[in-house]
Amino acid sequence: MARRPTGLAIELPPSLTAELRGSVAVLTLSRPEKRNALDDTLVLGLEAFFGSLPEAVKSVVLHAAGPHFSAGLDLSELTRRDTEQAVAHSAFWHRVFDRIEFGRVPVVSVLHGAVVGGGLELAAATHIRVAERSAYYALPEGSRGIFVGGGGSVRLTRLMGVARMTDLMLTGRTLDAEEGLAAGLSQYLVGDGAGLAKGLALAERIAANTAFTNFAVMHALPRIAEQDRASGYVMESLTAAIAGTGAEAQARMTAFLEKRAPKVKRS
Ligand code: 1HE
């Protein structure tokens, strides 16, 4: 991998660029000539990036150069794999995307243009998705004679439900940005060109949380949601107790009671 002037001292391939903006790291898919198709080099770069973020980084914004977020799996590599290699490749994506979802810091993705196939699976591994109006979603695996392999059956079914995902895969249907918002694929919808600013604002807000809150939301919340109720309540009580008795949490609550912290306002 070539060393890039990232300001983060992380070696990245040319298809990824990164910069540090305060405590937010901005990672850009930079393979627009191939519509940010995800080849092995790029996915290995994602693994390197999310596996070696310095302590100073408190949140990440993931966005993409060119007219589309990502065209998904690089189909030119797919044709070269036998069955055994294909299983290993899918497991490789699972490992890398898990590193994003269950990493150290929350990730905000900014989506525009095509967010399809593996590109949608990548977006699903991030914690907050901001879509620009140009964004559209599809799972062309169905029409290409293949199946999702980057964790889509696990993550996308949780986001939009089995029925919607079945529809996208069987019929080749695309969802526009409004439909994606309604289906749960994005949490925010903004105008074209406004995504990065929104993503940065959200990431800065997230970076100001206590590290434990961000940890609990990333690691405890999704596990609690998958547990039976009784186990979930126990895990929630323990998490809440650890969070609420921390020195930083105590200081923040005291600041509110002493009228030094802002009230909750309508957005
Ligand atoms: C690619 C890829 C790709 C573009 N792999 N090379 N994904 C798909 O089935 C989506 C395939 N791509 C498209 O439908 C379109 O490219 C887009 C709608 C995303 C964009 O269209 P457009 O007109 O802006 O670009 P283009 O002219 O189609 O593509 C520009 C170049 O990128 C062109 O190469 P060139 O050498 O002729 O310039 C394309 O061949 C190339 N390109 N998409 C390889 N995907 C782990 S399982 C996950 C399974 C999946 O992700 S399946 C879904 C695959």
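The values are calculated or read from the model by the stated rules, or taken from the named source; none is laboratory data. Bear in mind the structure is a predicted one, so any value in this text is a computation, not a measurement. Cβ placement follows ideal geometry from the backbone for every residue including glycine, while neighbour counts extend to all protein chains displayed.
Below, the figures for the structure above:
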| read-out | value |
| --- | --- |
| All positions within segment 21-68 that are more than 16 Å from the ligand (Cβ to nearest atom) and hydroxyl-bearing (Ser, Thr, Tyr) | SER23, THR28, SER52, SER59 |
| Sole exception among (1) more than 10 Å from the ligand (Cβ to nearest atom); (2) in contact with a strand residue (DSSP E or B) (Cβ under 9 Å, 6 or more places away or on another chain) for MET169, by number | (2) |
| Among (1) over 14 Å from the mean Cα position of the chain (by Cα); (2) surrounded by 15 or more Cβ atoms within 10 Å (Cβ to Cβ); (3) among the hydroxyl-bearing types (Ser, Thr, Tyr) - the single one SER70 does not satisfy | (1) |
| Enumerated helices (runs of 4 or more DSSP H) restricted to segment 186-267, each holding at least 2 residues that are farther than 30 Å from ASP176 by Cβ and either of a type in the set (Lys, Arg) or touching a residue at least 40 places away in the same chain (Cβ under 8 Å) (or both) | 211-215 |
| Strands (runs of 3 or more DSSP E) wholly inside segment 90-160 that include at least 2 residues being away from the ligand (no atom under 14 Å from the Cβ) and crowded, with 24+ Cβ neighbours inside 10 Å | 107-111, 128-132 |
| Qualifying residue in segment 69-87 (condition: within 12 Å of the ligand (Cβ to nearest atom), closer than 24 Å to ALA197 by Cβ, free of Cβ contacts under 8 Å to residues at least 60 places away in the same chain and not acidic (Asp, Glu)) | yes |
| Total residues in segment 6-27, condition at pLDDT 95 or above and buried (at least 18 other Cβ atoms within 10 Å of the Cβ) | 9 |
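To keep it simple, each residue is scored yes or no on (1) of a type in the set (Phe, Trp, Tyr); (2) touching a Pro at 6+ places or on another chain (Cβ under 6 Å); (3) in a strand (DSSP E or B).
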residue	(1), (2), (3)
ILE10	no, no, no
THR17	no, no, yes
GLU33	no, no, no
THR41	no, yes, no
PRO54	no, no, no
HIS63	no, no, yes
GLY66	no, yes, no
